[in-house]
1. Per residue, how big is the convex hull around the C-alpha atoms of segment A:388-452? Give it to me in cubic angstrom, could you?
2. If R0 is 45 Å, what FRET efficiency do you get for A:Thr729 and A:Lys539 from their C-beta distance, rounded to 0.05?
3. Per residue of A:591-598, count partner chain C-beta atoms within 10 Å of its C-beta, then hand back the mean as an integer.
4. Each label point is 7 Å from the Cα along the Cα-to-Cβ direction; what then is the distance between the points at A:Asp301 and B:Thr18, in nm?
5. Looking at A:Tyr515, A:Gly618, A:Leu381, which one has the Cα that reaches farthest to the positive end of the dipole of the protein assembly as shown (charges on Cβ: Lys, Arg +1; Asp, Glu -1)?
6. Report, ordered by chain and residue number, the aspartates and glutamates lying within cross-link reach of A:Lys388, taken as a straight Cα distance under 13 Å and ignoring same-chain residues fewer than 8 apart.
7. Going Cα to Cα from B:Lys293, which lysines come in below 17 Å? Please leave out same-chain ones fewer than 8 positions away.
8. Can you run phi through the Karplus equation (6.51, -1.76, 1.60; θ = phi - 60°) for segment A:535-547 and list ³J(HN,Hα) in whole Hz, with x for Gly and Pro?
Amino acid sequence: MLVSLKWLKDYVDIDLSVQELAGHLTMAGLEVDAIEEKKPAFSGVVVAKILSIRPHPDADKLVLCDVTTGDQVHPIVCGAKNIKDGDVVPLAKVGAKIPGGYTIKLSKIRGVQSEGMLCSEQELAIGDDASGIMLLPDDLALGKDLGEALDLTDIIFDIGVTPNRPDCLSIVGIAREVAAITGNKLRFPSVRFAESDEDITRLTSVEILAPDLCPRYTARIIKNVAIKPSPLWMRLRLDAVGLRAINNAVDVTNFVMMETGQPLHAFDYRFLEEGRIVVRRSKPGEVFISLDEKERVLRDDTLMICDGQKPVAIGGIMGGHNSEVKDDTETILLESAYFNPVSIRRSSKWLQMSTDAAFRFERGIDPHGQVRALDRAAQLLAEISGGKICKNAIDQCPKTIEKIEDISLRIKKVGDTLGTKIESEDIIRMLKSIEIEVKSGRDDTLLVTPPTFRVDLTREIDIIEEVARLYGYDRIPVAMPAVSATLTTEKNGDALAERISNILNGCGYSEVINYSFVTSKAVDLLGLDLADQRRNPVKIANPLTEDQSVMRTTMVYSLLETMRKNANAGSFNLKIFEMGRVYLNQGAGKLPEERICLGCLLTGVRYEDIWHFKDLQGDFYDLKGVLENIFEDLKISDVKYVSDVAEPFLHPGKACSLVLGGERIGYLGEVHPNVLDAMDVKNPATVCEIDLERLTANKGSIGYKDFPRFPSSSRDVAVLIDVEQEAETIIAAVREIDEELLEKVSIFDVYGGERIPEGKKSIGLRFCYRSGDHTVTDEEVNQVHDRLVKHIVALKSVSVR
Amino acid sequence: MTNDLEVLLAKADAELQTLQTEEELLSLRTKYLGRKGQLTALLRNIAVIPKERRADFGKRSNEIKDILSDRIDVALKEARNRKRSNDLLRQRIDVTLPGRRVHYGRLHPVTQMRREISAIFSRLGFTVVEGPEVELDYYNFEALNIPADHPARDMQATFYIEDGIVLRTHTSPVQVRKMEKMRPPVKIISPGRVYRHDSDVSHTPMFHQIEGLLVDRGVTFADLKGVLTYFFKEVFGSETVLRFRPSFFPFTEPSAEVDIRCMLCGGCGCRVCGQSGWIEVLGSGMVDPAVFKYVDYDPEEVSGFAFGLGIDRIALLKYGISDLRLLFENDQRFLEQF
Ligand SMILES: [Zn+2]
């Protein structure tokens, strides 16, 4: 909320510097977000008086004026029609700067010299009036700087008022806090006015048909008003707090709202059919045109202010186009009411109309502040419009607004909560400074009654917070909790994730963090099957952009997006991983399954291209090696790489599922060229995605084995197998035979092409033999080795090379 | 004849001085001391030496053999050393060429910051717990004392999934879920992704929070100040100046916003702190009794405090990152700086 320092000083004396005041407000919970110095938008403009006006010899539309600044007379050429001898006006002298970047120069207009320019309000950015020269009060000192003469400087605080403090959504509310801070007295403007003999009840009546939504409605009628722009002082006040001046009637309602926090509305009485007010709920489908000339179709739960026949305002939110104050309005009905906060909030949300009035009503205004604000507005309106206030106000209060109960405040509880003892005299003094009434209580307990405008104070803890706030958080000591020992058996899920990311880092992979939401098109770009559960993501009802409209069901899309963005930035070699969640829809009304996954992507060269390394492109086996490292570190030895289960977004020949204990825990493979094309990615990439929870659930433990004392003996053999056949089948066949001496069989070479028959590939196998109790001899090794080789060769389409 | 021996020694010595290489020295040795060498040749003439001088001659010739042999050995050793030195120098490499690095990956700055923060609270005995990101309205708002139609909902622009389900706007729902399941004392932190319907220079629709909760008998606001003061001094150094000021969160009362004195300007005011000299880093407060009611704790028996801080924001301050949005663009040039 914007708060003008000058306005604030109308209600409380302030002897602090601007910075000090801002600091005190912030430390009292009214955070000053910004301080703006308001200055005139011009310089070199002074107060001048017109001595004489005569026609311009060569131009019908111009006149020549002599104006005085007290000690000097300036000839001025002017085109305005609204001036006469003796008027006091703003004179922009030669050298003056006025808004729009203009500097006034000595000029000749149609042959006549002009030593400056007389200005309109608009030309000086003081107001909107561009119809003629701004007419100033007669009592301003001639020659005085206009900014000083009109006192156009001010300090504007932008205060972040928290939702619990609707009482601070007004200048008086802030002044009350300042009064508590400084110890100075709050001055509420006295409201005094004369009433005419005509009683309001002869002109209107108020009938409340929805007392739950409108517990109180007060009204006054002011007759014989002259609608015109408000006086400058009021317009400046409104401008300072960011409100636009409209006319005196509307400005008064806004002024009083800013002053007191009570929103008001002014109706043109002549448009109120049957001259009366009826407060009721809207009818479903009811159509209403609001002040902003927009058509609103209503539900059945919006509070409407009606006349004898039709709605004239959406209660507490916005007035109607059909009853707004016009230039020729003569009689005004002023409304000051209390509306149900929840009802106003629902309606304003649903209608998407957030107005200053609705903002205050939904947070809760002072339920006892209606009449005071109404009278204050009536007084001001009468003063500036020449209107006559009818006798008496209507005050319909069909439903008593809940009275604030007394609250017990235990002195000990204050100390126990804050961790420091505060004396009860101090507590009483502090509470009184913010108008909380302290009734006598027992020594250890106070009975307090908050003022009606403090709708946030209903419980003991609310009062304790006020004590803490006024005492000063900085005065509360710093302690360390003496907490009971807690024994937790909670598994630190982070520890394994940390281990895995350490390995990934060591393998050259950097961590990325992608948004959890992706475009709804992701599932199509990845070509997921229609039956795939991942095609049915959790949708965000109100996404910011289409690109962030559904919760991701796979990590791959995000990783490819990251790759694309980096390629656009010129980075083509990427090794990245992300640990995060995918969100699997479990149907309407249910929370999705959130699965923690590891996703990796490799594109470009295996090693950074520098003088030692050749430009070797990373591929499937690079990423597979990384995963093997991770599995080994977690002591998971039995992960199977199964090529027959394909992901549609992976290369059909260069991909596999990762299977652990019969369960699929992820996949690894090169990205399908179709997907690369669809995502506008140029280079090949290899990706993997692993369900981290299922992986870590299978974590093995370290079991140390003594290393062998006797030397091993190894034999190599090369076999020819079909190109399509997986090498793993040979290894598996070897393992079928339980040869005690065989320690390990591994693949050390794979070769195809020259000297190898068409459709075949050569696999180099290395058999390592060892005994735990003696040094193996050539004969025993040869025997076992021959048996194994025979067994392999017996397999279909395997031959020794 | 003895004179011949001395002449031979002098000659060999003189020759030795002129030789450099191992080969030359070896042939010198053969030339004088070999089986067909000059010393042997002289010895063969022993017969012509008068008997009484034979012993002297023999003794001297042995001495000369030893002297010469030692001198050649020394020269040989020097020659070999010289040769190796020369050889090694010829193998000289260019040490300024870059090392053979296997590129290593980096952790995302948010992860680094999260680990650091978690470690500090772990030292204080807090346990890490997690909760769902797609969350029930009940846990995200209602049980945190933010009823439907309450203006406090405006404080957290929310992504909605469907009626009653939202993307969590903070990690606070985890504290309710945890308290439902256990009795005090409770001492937890909960890091994770959170979501707000907000996107501009200083807001990303997703960011990271760490929620902390401590509930036990006799926990006070002073304890809250103590724990958070310790925490920030651990993160930003012991010189860090903190400020607690009143604020409002529906689930804590009294509530406090924590600012630290701007480390860039030292409190004088700069662009980073918006000229105020202070940087807002954390929201906290004493758990509101209304929240305890939801989880069936007795606010007369126990009290506690809760706090929530943005990991990303702390990372920005600590690492001097200028723009929050960089964190989620994952540009390699960004990632490789951590
Ligand atoms: Zn600063």
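No value in this document is a laboratory result; all are computed from the given coordinates. The structure displayed is predicted, hence computed values, not measured ones. Every residue, glycine among them, receives a Cβ derived from its backbone with ideal geometry; neighbour counts consider all protein chains shown.
1. 137 Å³
2. Using R0 = 45 Å, I get an efficiency of 0.50.
3. Mean partner-chain Cβ count within 10 Å for A:591-598: 3.
4. 12.0 nm
5. A:Gly618
6. A:Lys388 reaches A:Glu195, A:Asp197, A:Glu198, A:Asp199, A:Glu330, A:Asp375.
7. B:Lys178, B:Lys181
8. 6, 10, x, 6, 9, 8, 5, 10, x, 6, 9, 4, 4
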